[in-house]
Structures are given as C-alpha cells and as structure tokens.
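Reviewing the structure listed below.
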Amino acid sequence: MRPEFAGAPGQAGHAGHGGRPARPGRPQQVAEVLATARVSDHLVRLTLGGPGLAAFEAKDATDQYIKILFADPALGLTPPYDLDAIRAQHGPEGVPVRRTYSVRAVRATDAGAEIDVDFVVHGSEGIAGPWAAAAQPGELVCFSGPGGKYAPEPGAWHLLAGDEAALPAIAAALAAMGPDERGVAVLDVAGPGDRLDLAAPAGVELRWVERGGDWTPTSSRLEEAVRGVVLPADRGAIRAFVHGERETMKSLRAYLVGECGLVRQQLSLSAYWAYGRAEDAFQAEKREPVGKIFPEDA
Ligand SMILES: Cc1cc2nc3c(=O)[nH]c(=O)nc-3n(C[C@H](O)[C@H](O)[C@H](O)COP(=O)(O)OP(=O)(O)OC[C@H]3O[C@@H](n4cnc5c(N)ncnc54)[C@H](O)[C@@H]3O)c2cc1C
C-alpha cells in the first residue's frame, strides 16, 4: 500500500505517491490547530483558527468544504506553499496533495473566524485521517476554499443520507434548518459509539444504521435504509442531500432517479470517497466512467 507519514507542523502528511498534485493558483490560507476533540469513536474534530483565518469567507452553504494541502514532511516545506517552485525543485512527486473536508461549523471571533472540521478516523491507511487522529494544537493546516453550494431549501421535504464522511455536512444542514422543516436523515455509521447528539428540527427523523464495524462493500446498510424511507407522495416536494462512498452513491442515484422519479434538480448527490482508492485516484477517476455518478455526465 501507500507510504504513511506522521506529519509535522505545517507538513500535515504527504504526497510522494504519484498522486494527482494540487492545482496551482488557488489562494491558500494557513490556519493553526487550536483544539482537538474525539467527538465519536471514529470522528476527530479539529478546531482551526489563528490570524491565517482572518480572510476566511464562509459560503452561504451547509456543505461548504475546504481542500487541505498535505506536504511531504521530508521536504521541510513551510506553508503557504509555492506549488510551482516546489514542482520545479522536487518534481511532481514533491507537490503537496489535497484532501477534501467539510466545514462542520464556522464561528466569528475577534480575530476573524474559527472553523471546526470533523475527520473520519478510518484506520492507518491514508494521509488526512491518520494525521488528524494524532494532530496537536499549534500544528499548521494549509488549505484552499471554501467551495460548496447546497443549503436546505425551506419548506421542502428533506432526505439526507450518508456515511461518516458526509456526517459533518449533514449535521451542518440539520443545524441550519428552521424548526418546522420535515424529512428523514439516514446516517450509516460503524457502531453505537458513532452516533452523535445532532441538533435537528423535531419533524426531521434521525435514523442511525450501524454496520457493526468498518465500511466495506457488504457492510454498508445505507442503501437498504434509504429504500426503507417512505417518501411523500408529492415527489416534487423532496430535496435530497445524499453523499458517501462512490458505489453506494451510484446505487442510490439509480434508486432515487430510476425508481422514485426524482430529477437531478432535486438532488445534491455525489461521492465523497471511493473504497480502496486514495483521494488522488478517486478525484482522477471522476473523468472516467467508473467515477461518474450520473451516467449522463459520462
Ligand atoms: C465535498 C467533500 C466533503 C468531505 N467531507 C469530509 C468530512 O467532513 N470528513 C471526512 O472525514 N471526510 C470527508 N470527505 C471524504 C474525504 O475527503 C476522504 O475520505 C479522503 O479520502 C480522506 O483522505 P485520507 O488521506 O484519510 O485517505 P486516502 O489517502 O484518500 O485513502 C486511503 C484509503 O482509505 C480509504 N478511505 C478514505 N476515506 C475513507 C472513509 N471515510 N472511510 C473508510 N475508508 C476510507 C480509501 O478508500 C483508501 O483505501 C469529503 C469529501 C468530499 C468530496
């Protein structure tokens, strides 16, 4: 498998694996880890802040996300990263790689902003998950963004569904809803220690489904649980926010569009990760048939 890096301040994990390098030209922000907290068995929350976040421009979206740059600690680089200079000096292998994370919460502070980012701790593989599990206050985190465009539409009937990777964005959506919103949120997690006490309107039912362990193609119960949701007869009222592992997303797209008759404008539906793929490969495959969730994009 791929090499692992312990990470060091400002060098959170690494590249060096032949993945797709970060695109140059996106403005970078350098935040500091202010606090870390284990919010569930498999979720670690890092609170990021400091002067580097003074220019953070939160979007009017509950699925806003940042792209964190992970440089190879062996290169001794200090963020922000001059990607062109790094490429010139160290070659494409030396360019920091990106990992995508939702912004779970944003708070205005006297200094500007503080954000919470919840990382799934999914084992020893990968860069961001292992780094977050061991991150300490004072470490630097370099990122671009935020991007994102979904926000729950007031008065719609909401279907929210996802695994742990989508849980931060789903939690942010639920927290932003007004008290009269209605719907169902289906949350696929490893076990009882992964349930969170989420703020949600009384009319939005939270359905936790437990896999009984790690995510595997056969352990996920997300599709089954979504199929078990009785959708309103007025299908046009539905707005869905459905994100998670790629193959499950393909199945759920087929179900929601093909069997339930929803149209694309009602759906925020995408893959957040792919089983057995580092994010570099996962992002690159979005340009290939295997990476398309909607066949018409092929
Ligand atoms: C818009 C968007 C928002 C996202 N928000 C979040 C978020 O808030 N929190 C979050 O934790 N993730 C989030 N993700 C998913 C995250 O970007 C991926 O999980 C990413 O692959 C993690 O990087 P890594 O370095 O830990 O693992 P990688 O190096 O990318 O992958 C290493 C191995 O771990 C596996 N793996 C990766 N992610 C998971 C997982 N979640 N569960 C089980 N196995 C996994 C891969 O299949 C691969 O085999 C988001 C993705 C997108 C596109």
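The values are calculated or read from the model by the stated rules, or taken from the named source; none is laboratory data. This one's a predicted model, so the numbers in the text were calculated from it and none came from an experiment. Here Cβ is always computed from backbone atoms with ideal geometry, including for glycine, and neighbour counts include all displayed protein chains.
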Worksheet item: Pairs, please: C-beta under 7 Å, at least 6 apart or cross-chain, first residue closer than 22 Å to Asp82 by Cα and in region 22-47, second polar (S, T, N, Q) and modelled with pLDDT of 95 or more?
Response: Arg26/Ser144; Pro27/Ser144; Gln28/Ser144; Val33/Gln136
Item to complete: State which residue pairs qualify: first residue of a type in the set (Phe, Trp, Tyr) and inside region 128-142, second residue part of a loop (DSSP other than H, G, I, E, B) in any location, beta carbons under 6 Å apart, and separation of 6 or more residues or different chains.
Response: Trp131/Gly7; Trp131/Ala12; Trp131/Gly13
Worksheet item: Counting only residues that are within 11 Å of Leu46 (Cα to Cα) and surrounded by fewer than 20 Cβ atoms within 10 Å (Cβ to Cβ), which one in region 108-134 is nearest to the ligand (Cβ to nearest atom)?
Response: Ala133
Practice prompt. Look at Val186 and say whether it is β-branched (Val, Ile, Thr), more than 17 Å from the chain's Cα centre (by Cα) and outside the structural domain of Ser124 (by TED's automatic domain parsing).
Written response: no
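Residue by residue, here is whether (1) buried (at least 21 other Cβ atoms within 10 Å of the Cβ); (2) more than 16 Å from the ligand (Cβ to nearest atom); (3) outside the structural domain of Ala190 (by TED's automatic domain parsing); (4) of a type outside the set (Ser, Thr, Tyr) holds:
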residue	(1), (2), (3), (4)
Val44	no, no, yes, yes
Ala54	no, yes, yes, yes
Lys59	no, no, yes, yes
Thr62	yes, no, yes, no
Thr78	no, yes, yes, no
Glu93	no, no, yes, yes
Ser102	yes, no, yes, no
Worksheet item: Out of all the residues in region 60-79, is one or more under 19 Å from the mean Cα position of the chain (by Cα) and more than 22 Å from Val120 (Cβ to Cβ)?
Response: yes
Practice prompt. Could you tell me whether Glu279 is out of contact with any Phe, Trp or Tyr (no Cβ under 6 Å at 6 or more places or on another chain) and either of a type in the set (Asp, Glu) or assigned by TED's automatic domain parsing to the domain that holds Thr62 (or both)?
Written response: yes
Practice prompt. Report yes if some residue within region 202-211 is of a type outside the set (S, T, N, Q), surrounded by 20 or more Cβ atoms within 10 Å (Cβ to Cβ), in contact with a Ser or Thr (Cβ under 9 Å, 6 or more places away or on another chain) and not assigned by TED's automatic domain parsing to the domain that holds Asp118; otherwise report no.
Written response: no
Worksheet item: So which pairs qualify, if the first residue must be in region 105-121 and over 16 Å from Pro51 (Cα atoms) and assigned by TED's automatic domain parsing to the domain that holds Tyr272, the second must be within 16 Å of the ligand (Cβ to nearest atom) and among the polar types (S, T, N, Q), the Cβ gap must be under 8 Å, and the two must be at least 6 apart or on different chains?
Response: none
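Conditions (1) modelled with pLDDT under 95; (2) in a loop (DSSP other than H, G, I, E, B); (3) under 25 Å from Phe70 (Cβ atoms), marked per residue:
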position: Ala108; (1), (2), (3): yes, no, no
position: Glu114; (1), (2), (3): no, no, yes
position: Val117; (1), (2), (3): no, no, yes
position: Ser124; (1), (2), (3): yes, yes, yes
position: Val141; (1), (2), (3): no, no, yes
position: Ser144; (1), (2), (3): no, no, yes
position: Leu159; (1), (2), (3): no, no, no
Worksheet item: For Ser219, which of the numbered conditions (1) under 20 Å from the mean Cα position of the chain (by Cα); (2) within 13 Å of the ligand (Cβ to nearest atom) fails to hold?
Response: (1)
Response to the item:
The residue that is nearest to Leu222 (Cα to Cα), considering only those in region 261-282 that are buried (at least 18 other Cβ atoms within 10 Å of the Cβ) and more than 11 Å from the ligand (Cβ to nearest atom), is Leu269
